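K.L.:
Pasting a structure below so you can have a look.
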Amino acid sequence: MKQITNAASVIGFAMVGLAGSALADSSDPIRIAVNEWTGQHVSAYISGSVLEAAGYNVEYVTAGAVPQFAAIAQGNLHLQPETWGNNVGDIYPNSVASGDIVVLGPTGLNPIESWMYPSYMNDQCPGLPDVYALIECSQLFATAETFPLGRLITYPADWGTRSRDLVNNASLPFAPIAGGSEGAIIAEMQAAYATQQPILVMFWEPHWVHTEMDFEWVEFPPHTEDCDTNPEVGIYPDRTGDCGFLQANISKIASRDFEENWPGAFRIMQALTIDNETQNALLSEIDNNGREVEEVIAEWMEANESTWRAWVDAAN
């Protein structure tokens, strides 16, 4: 992502008064992972901007949501400030257990991930948002390509296969179709919403779309630790792995050597938090108003100096 002059000038202004007492322990760049969705960009650029204001050298590196964990464990990436811990396979928990990835604490966001549909579908399918009503009404969501199965838009392929796994485990009457990107999924949602057409999509919160469109979450049996082995807790009593989605813990994580190489940055990142309200407002500026993430975050830095300076002070 390109840096823009306006953003750089505002960040430079924000650094005034910090340069003389910068915490920077090393001039080596801290490489921050940048994933495929805008919310993570907000977390990444707030983190990077605060670290730069404290005197650190920062690089932003594009990284897939799952492949990034190998790079962090190997020390090729150093920081990921918004890690959703419920769709990551084995490498993430195994790397945490071995000490190759260090969890710095919660990011501060309150997440939801599940299937959702526009609220106007309640009139066409009585019983929604219950999953059993959704199953009965599955053909309402069908297209010419998927009939008689309903069409389900899932996360992009490299974000994992949870929706496809649930469909397969429960033999649900839906055809999971991977979205090409966050933007592509949102475009489909907006097009369907504008014409009051049926749409079923795997999505998440926090996100600015919830301020623009009225969607409701499908109600599944809650996820339990024994969902994959106990058939009694899911949608059907003769199947396993058919519960609702395990909800994420959103954490800040770092490489094993992060604290040793940049102890001040490590403490800053322990103190840093971002809430849903903050992220949603910034997301709206970026995605709704078409502004550059660097510009929006630079303005946030200028307007919220007391907030981020407290994180830097905590590191002292």
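K.L.:
Can you give the translational diffusion coefficient of the range 168-209 in µm²/s, computed by Stokes-Einstein from the Kirkwood radius over Cα pairs at 4 °C and 1.567 mPa s?
P.N.:
Numbers: Rh = 11.9 Å.
Diffusion coefficient, whole number: 109 µm²/s.
K.L.:
Another question about this same structure. Where in the range 84-180 are there GluC sites (Glu not before Pro) that are in a DSSP coil and have at most 11 other Cβ atoms within 10 angstrom of their Cβ?
P.N.:
Numbers: sites: Glu113, Glu136, Glu145; in loops: Glu145.
In loop regions of the range 84-180 (DSSP not H, G, I, E or B), the sparsely surrounded GluC sites (Glu not before Pro) are Glu145.
K.L.:
Please compute the modelled spin-label separation between Asn249 and Asp214, points set 7 Å along Cα→Cβ, answer in nm with one decimal.
P.N.:
Result for the modelled spin labels: 3.7 nm.
K.L.:
Then there is this: Out of all DSSP beta bridges in the chain, what portion is antiparallel? Express it as a percent rounded to 5.
P.N.:
Details: 18 of 31 bridges.
Percentage antiparallel, nearest 5: 60.
K.L.:
Alpha carbon centre of the range 258-316 versus the range 55-80: separation in Å?
P.N.:
17 Å
K.L.:
Would you list the P(r) distribution for the range 27-108, with all Cα-Cα distances sorted into 5 Å bins from 0 and each bin expressed as a whole %?
P.N.:
3, 16, 26, 28, 18, 8, 2, 0
K.L.:
While we're here: Under a point-charge model restricted to the Cβ atoms of Lys and Arg (+1) and Asp and Glu (-1), what is the dipole moment magnitude of the range 225-316 relative to its Cα centre, in debye to the nearest 20?
P.N.:
Numbers: 6 positive and 20 negative charges, 52 e Å.
The dipole magnitude comes to about 260 debye.
K.L.:
Here is a further query. How much area per residue is accessible in the range 209-316 when the probe is 1.4 Å and only protein heavy atoms are counted (Å²)?
P.N.:
49 Å²
K.L.:
With a 1.4 Å probe and every protein chain kept in, tell me what percent of the accessible surface of the range 119-253 is carbon plus sulfur. Don't skip to the answer; put the middle values down first.
P.N.:
Working: 3110 of 6260 Å².
It is 50 percent, rounded to a whole number.
K.L.:
Let me spell out the model: positive unit charges on the Cβ of Lys and Arg, negative unit charges on the Cβ of Asp and Glu, origin at the Cα centre of the range 163-226. What dipole size does that give, in debye rounded to 20?
P.N.:
On the way: 1 positive and 10 negative charges, 60 e Å.
So the dipole magnitude of the range 163-226 works out to roughly 300 debye.
K.L.:
Would you mind getting me the FRET efficiency between Glu59 and Asn230? Use the beta-carbon distance for r and R0 = 41 Å, nearest 0.05.
P.N.:
Details: r = 46 Å, r/R0 = 1.12.
Efficiency, rounded to the nearest 0.05: 0.35.
K.L.:
Hey, another quick one. Which log10 I(q)/I(0) values does the range 108-179 give at q = 0.14, 0.29 Å⁻¹ under the Debye formula, counting every alpha carbon as one identical point scatterer?
P.N.:
After summing over all Cα pairs, the log10 values are -0.46, -1.42.
K.L.:
Loop-only check: which chymotrypsin sites (Phe, Trp or Tyr not before Pro) in the range 21-110 are DSSP coil with at most 14 other Cβ within 10 angstrom? Please list the in-between numbers first.
P.N.:
Details: sites: Trp37, Tyr45, Tyr56, Tyr60, Phe69, Trp84; in loops: Trp37, Tyr56.
Sparse-neighbourhood loop chymotrypsin sites (Phe, Trp or Tyr not before Pro): none present.
K.L.:
Same structure, new question: So for the chain, taking the charge dipole from beta-carbon charges (+1 Lys/Arg, -1 Asp/Glu), which of Tyr236, Gln190, Ala157 sits furthest toward the positive end?
P.N.:
Ala157
K.L.:
Okay, next question. So what is the diffusion coefficient of the range 190-282 in µm² per second by Stokes-Einstein at 10 °C and 1.306 mPa s, using a Kirkwood Rh over Cα pairs?
P.N.:
On the way: Rh = 17.4 Å.
Translational diffusion coefficient: 91 µm²/s.
K.L.:
What number does the range 62-169 give for Rg over Rh if you use C-alpha atoms and the Kirkwood radius?
P.N.:
On the way: Rg = 18.4 Å, Rh = 16.8 Å.
Reported Rg/Rh, Kirkwood definition of Rh: 1.10.
K.L.:
Let me ask you something else. Would you mind giving the average projected area, over all directions, of the Cα convex hull of the range 126-275 in nm² with one decimal?
P.N.:
Values: hull surface 46.9 nm².
Projected over every direction and averaged, the Cα hull of the range 126-275 covers 11.7 nm².
K.L.:
With contacts defined as alpha carbon pairs under 8 Å and 6 or more residues apart, what's the relative contact order of the chain in percent? Present the calculation step by step, with values, prior to reporting the outcome.
P.N.:
Details: 574 pairs, mean separation 87.7, N = 316.
Computed value for the chain: 28 percent relative contact order.
K.L.:
Might you report the magnitude of the Cβ-based charge dipole of the chain about its Cα centre, with Lys and Arg at +1 and Asp and Glu at -1, to the nearest 20 debye?
P.N.:
So the magnitude is around 440 debye.
K.L.:
Select from Ile268, Thr307, Gly85 the residue farthest towards the positive end of the dipole of the chain; place +1 on Cβ of Lys and Arg, -1 on Cβ of Asp and Glu, and compute about the Cα centre.
P.N.:
Ile268
K.L.:
Here's something else I'd like to know. For the chain, report the translational diffusion coefficient in µm²/s to the nearest whole number, using Stokes-Einstein at 20 °C, 1.002 mPa s, and a Kirkwood Rh over Cα pairs.
P.N.:
On the way: Rh = 21.0 Å.
My calculation gives 102 µm²/s for D.
The values are calculated or read from the model by the stated rules, or taken from the named source; none is laboratory data. Since this is a predicted model, take the numbers as computed values, not measurements. Cβ atoms come from the backbone with ideal geometry, glycine included; neighbour counts cover every protein chain shown. Quick note on the areas: whole protein, heavy atoms, side chains included, nothing else; ligands and nucleic acids left out. Shrake-Rupley method; radii C 1.70, N 1.55, O 1.52, S 1.80 Å.
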